[in-house]
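The values are calculated or read from the model by the stated rules, or taken from the named source; none is laboratory data. This structure is a prediction, so every number in the text was calculated from the model and none was measured. Here the Cβ positions follow ideal geometry from the backbone for every residue, glycine too, while neighbour counts run over all protein chains shown.
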Amino acid sequence: MTIPVFDAQIPATASPKVEFISLSHLNPSTELNPVKVPHGIDLDYFKRYVATLEEQEFDYTLLPYGSNSADSFVTAAAVGTLTERIRPIVALRPNTTFPLVAAQKLATLDQLTQGRAVVHLISGGSDDEQHRQGDYEPKPRRYARTGEYIDLLRRAWTEKEPFSHEGEFYRFDDFGPGFATYSGDPIPISIGGQSQEAFDIGGTQADIFSFWGEPLPELRTEIDRVNAIAAAAGRPNPRIWVTFRPIVAATDAEAWEKAYDYIGKIGATYEKAAYFTRRHQSKATNIGSVRALEFAGASERYDRALWTRTAAATGGQGASTALVGSPETVAAAILDYVDAGADLVSIRGYDTLADATEYGRYVLPLVRQEIAHRAATGRRGTLQSEHLGYYSDDFVAAADSAADKAAALEGAGA
Ligand SMILES: Cc1cc2nc3c(=O)[nH]c(=O)nc-3n(C[C@H](O)[C@H](O)[C@H](O)COP(=O)(O)O)c2cc1C
């Protein structure tokens, strides 16, 4: 294996800043320990989870959406009233809400949170899931609809005079001016998806483009791909969001023990369909998930600390690739992605609430310290050269030893 050089030179592709996202959990059920929750939302837990994200200085929280999940606008509004700083990201499928109504709801959320609203537009990765709510458009048309939707959101937020519209998907007369956002500027718009259509819309229209955690060279290629589309459209590069499920413990060796303990539990949960929603139970057809499974099929280990067993165990559904190691190793791995151009890093664990606290205490400060060091000195610090992950023999030995122990236990029928 060639070990990359982590000298003081900051790579040209590096993002100068990084912000952290975590998905909001509404109840204590996890892939490790699925529990029956009578109403889906456990209010005390949700309040505690959101307060933890705020206390631990996460910057954003994603409110996900599925046909049988809680409604993401309502949960985002709850996050807004329960917090003062963290920014709710509403996952929104255009088929569910007329664009002018979505613009109005988002602007309302933005005013209620004094400018904290963000929207993540989902064109729909699975036809079956779209059919559940009456959307029979094929995927290319769903993305074309998202393109028209984005234009209308921005016009609804910014046009000073009433306007009419007759497009491919939407038609209305004499709307506006719409309800304004807190600042009067458009709310940031993120795109999720990795098909060619997703790249086209992301590059030409989005503020943020999001990925599941992928190996570094492949992610870098995907970032170049969306940036080239943005450049051809005469737009600035979108911000890059990348998503992981870190497994962190005090030392690298302990993190590997934890990872192999987790994988047995996650696999059993997935097989019993005890945790995952319907959206996550059908075969993954969105490109990001298909890619996650391909990476998992080719290797378990990539770069410094990426581990794909979790993706393989869950059929690549949703965010599933892990980063494994001590806080230092995981922070260094996150910085590798910052060096590749990511500036929004989504991390949530498998032990959701405990992990949010642990990341906030031990991982976020290390990444932020390095970013501050770079800003102050113009040089890269030593975290990445001192915590090499798979680039060092000790780390590989720790991973191998935990894998052997887990295999022996399994062999013994434990
Ligand atoms: C960070 C991130 C968050 C996502 N959140 C959701 C979600 O809450 N609900 C959902 O249905 N899809 C979600 N997706 C999935 C994709 O947006 C969706 O599958 C996409 O519209 C189609 O993907 P494709 O173009 O790769 O086929 C998310 C994707 C990413 C990368």
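Answer yes if at least one residue in region 343-362 is out of contact with any Phe, Trp or Tyr (no Cβ under 8 Å at 6 or more places or on another chain), touching a residue at least 12 places away in the same chain (Cβ under 8 Å) and of a type in the set (A, V, I, L, M, F, W, C), and no otherwise. There is no residue in region 343-362 that is out of contact with any Phe, Trp or Tyr (no Cβ under 8 Å at 6 or more places or on another chain), touching a residue at least 12 places away in the same chain (Cβ under 8 Å) and of a type in the set (A, V, I, L, M, F, W, C). Would you check if there is a residue in region 293-304 being crowded, with 24+ Cβ neighbours inside 10 Å and aliphatic (A, V, I, L, M)? Within region 293-304, not a single residue is crowded, with 24+ Cβ neighbours inside 10 Å and aliphatic (A, V, I, L, M). Considering only residues in region 287-308 that are modelled with pLDDT under 95 and touching a helix residue (DSSP H, G or I) at 6+ places or on another chain (Cβ under 6 Å), the one that is farthest from the ligand (Cβ to nearest atom) turns out to be Ala296.
Check region 129-151 and report whether any residue there is more than 16 Å from the ligand (Cβ to nearest atom) and either under 27 Å from Ser183 (Cα atoms) or part of a helix (DSSP H, G or I) (or both). Yes, that holds for at least one residue. Residues of region 219-247 that are assigned to a helix (DSSP H, G or I) and either away from the ligand (no atom under 16 Å from the Cβ) or modelled with pLDDT under 95 (or both): Arg220, Asp224, Asn227, Ala228, Ala230, Ala231, Ala232. Across region 87-98, a minimum of one residue is classified as more than 16 Å from the ligand (Cβ to nearest atom) and modelled with pLDDT of 95 or more. Pairing residues of region 15-37 that are among the acidic types (Asp, Glu) with residues that are crowded, with 19+ Cβ neighbours inside 10 Å and in a strand (DSSP E or B), at Cβ distances under 7 Å and at least 6 apart in sequence or on separate chains, gives Glu19/Tyr60; Glu19/Leu344.
Scanning region 28-66 for residues that are touching a helix residue (DSSP H, G or I) at 6+ places or on another chain (Cβ under 7 Å), modelled with pLDDT under 95 and among the polar types (S, T, N, Q) returns a single hit, Thr30. Residue count for region 184-218 satisfying the condition of being part of a strand (DSSP E or B) and within 12 Å of the ligand (Cβ to nearest atom): 8. Just one residue in the set Asp173, Asp185, Asp151, Asp200 is out of contact with any Asp or Glu (no Cβ under 6 Å at 6 or more places or on another chain), free of Cβ contacts under 8 Å to residues at least 12 places away in the same chain, farther than 30 Å from Pro246 by Cβ and surrounded by fewer than 19 Cβ atoms within 10 Å (Cβ to Cβ); that residue is Asp173.
Among the residues of region 315-338, those identified as within 18 Å of the chain's Cα centre (by Cα) and away from the ligand (no atom under 14 Å from the Cβ) are Ala322, Leu323, Val324, Val330, Ala331, Ala333, Ile334, Leu335, Asp336, Val338. Anything in region 154-170 that is over 30 Å from Ile240 (Cα atoms) and either among the aliphatic types (A, V, I, L, M) or not in a loop (DSSP other than H, G, I, E, B) (or both)? List them, or say none. Once the filter is applied, which keeps residues that are over 30 Å from Ile240 (Cα atoms) and either among the aliphatic types (A, V, I, L, M) or not in a loop (DSSP other than H, G, I, E, B) (or both), region 154-170 yields Phe163, Ser164, His165, Glu166.
Let's see how each residue does on (1) in a loop (DSSP other than H, G, I, E, B); (2) closer than 24 Å to Asp343 by Cα:
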position: Phe58; (1), (2): yes, yes
position: Gly66; (1), (2): yes, no
position: Ser69; (1), (2): yes, no
position: Ala76; (1), (2): no, yes
position: Pro88; (1), (2): no, yes
position: Ala102; (1), (2): no, no
position: Lys105; (1), (2): no, no
position: Gln111; (1), (2): no, no
position: Gly115; (1), (2): yes, yes
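Figure legend. Inter-residue proximity from region 118-140: first residues polar (S, T, N, Q), second residues near the ligand (Cβ under 10 Å from one of its atoms), beta-carbon distance below 6 Å, spacing 6+ or different chains. Indicated pairs: Ser123/Arg142; Ser123/Tyr143; Ser123/Thr146; Ser123/Gly193; Ser126/Thr285; Gln130/Gly124; Gln133/Ser67.
Candidates are the residues of region 42-72 that are of a type in the set (A, V, I, L, M) and surrounded by 15 or more Cβ atoms within 10 Å (Cβ to Cβ); the one that is nearest to the ligand (Cβ to nearest atom) is Leu62.
How many residues does region 369-399 hold that are part of a helix (DSSP H, G or I), charged (D, E, K, R) and surrounded by 13 or more Cβ atoms within 10 Å (Cβ to Cβ)? Full working, then the answer.
Taking region 369-399 and keeping what is part of a helix (DSSP H, G or I), we get 369-377, 383-386, 389-391, 393-399.
Still in the running and charged (D, E, K, R): 370, 374, 386, 393-394.
With surrounded by 13 or more Cβ atoms within 10 Å (Cβ to Cβ) added as a condition, the list becomes 370, 374.
Counting residues in region 369-399 that are part of a helix (DSSP H, G or I), charged (D, E, K, R) and surrounded by 13 or more Cβ atoms within 10 Å (Cβ to Cβ) gives 2.
The conditions of being within 22 Å of Asp224 (Cβ to Cβ) and in contact with a Lys or Arg (Cβ under 9 Å, 6 or more places away or on another chain) are met by Thr321. The single condition among (1) closer than 27 Å to Tyr275 by Cβ; (2) among the aliphatic types (A, V, I, L, M); (3) surrounded by 13 or more Cβ atoms within 10 Å (Cβ to Cβ) that Ala354 does not satisfy is (3).
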